[in-house]
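Quick notes on the structure that follows.
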Amino acid sequence: MKTFKLIFSVITLLAISQVSFAQEKTVMVGGAAMYPSKNIIENAVNSKDHTTLVAAVKAAGLVETLSGAGPFTVFAPTNKAFDKLPKGTVETLVKPESKDMLTGILTYHVVPGKVSAADLMKMIKDNGGKATLKTVAGGNLTAMMKGKNVVLMDAKGGTSTVTIADVNQSNGVIHVIDTVLMP
């Protein structure tokens, strides 16, 4: 009888772990697989769509932080999102003398905890159509729905649309966005 209980327990544990694993699927971003078993930095460095973001994270000294335990929710602007900024902005921001400003902008894209797209849409619905997210930088992002898309509004009134949601990481989740948010 003990052997039966042990076997049943092992089978149950395996079934539960398979269900948990199945919920976090590998997503393709920028031509690369984003593995749920890797952290935010380990995955981001492989995305061809996020080379500017990765360079900025390195310049700001945030690699270690975003490789840490988290969990973090990162709204990750693509290279095309950075291209929308005025000419010369990125080049200026990655200079050592601009590190504080760059860090402020990047951490404005990070929310503590793991907020899935479903969580975010529920927050929006439960709060009358808008949800306020407190960023690691200390500012607020306002999330709302525009059709079936989640749109974020920054402190300056600029908006960004989530283009790829729920890219799960070992230390959080990434939602790819199409515009850089400004604190």
Accessible surface, 1.4 Å probe, highest first, among residues D154, D100, D126: D100, D126, D154
0 to 90° range, to nearest 10: angle between helix 2-23 axis and the chain longest Cα axis: 20
Rh by Kirkwood over Cα pairs, then Stokes-Einstein D for the stretch 56-136 at 0.692 mPa s and 37 °C, µm²/s: 231
P(r) of the chain over all Cα-Cα pairs, binned every 5 Å from zero, in whole percent: 1, 8, 15, 20, 19, 14, 8, 5, 3, 3, 2, 1, 1, 0, 0
C-alpha long axis of helix 51-60 to longest principal axis of the chain, angle in °: 80
Average accessible surface area per residue within the chain, 1.4 Å rolling probe, Å²: 56
Residue order for S160, S170, S37 - accessible surface, 1.4 angstrom probe, largest first: S37, S170, S160
Heavy-atom SASA rank of M28, M153 (probe 1.4 Å, accessible area, largest first): M28, M153
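The values are calculated or read from the model by the stated rules, or taken from the named source; none is laboratory data. Worth saying up front: this structure is predicted, and the values here are computed from it rather than measured. Areas reflect the complete protein model, heavy atoms only, side chains present, ligands, DNA and RNA absent. Shrake-Rupley method; radii C 1.70, N 1.55, O 1.52, S 1.80 Å.
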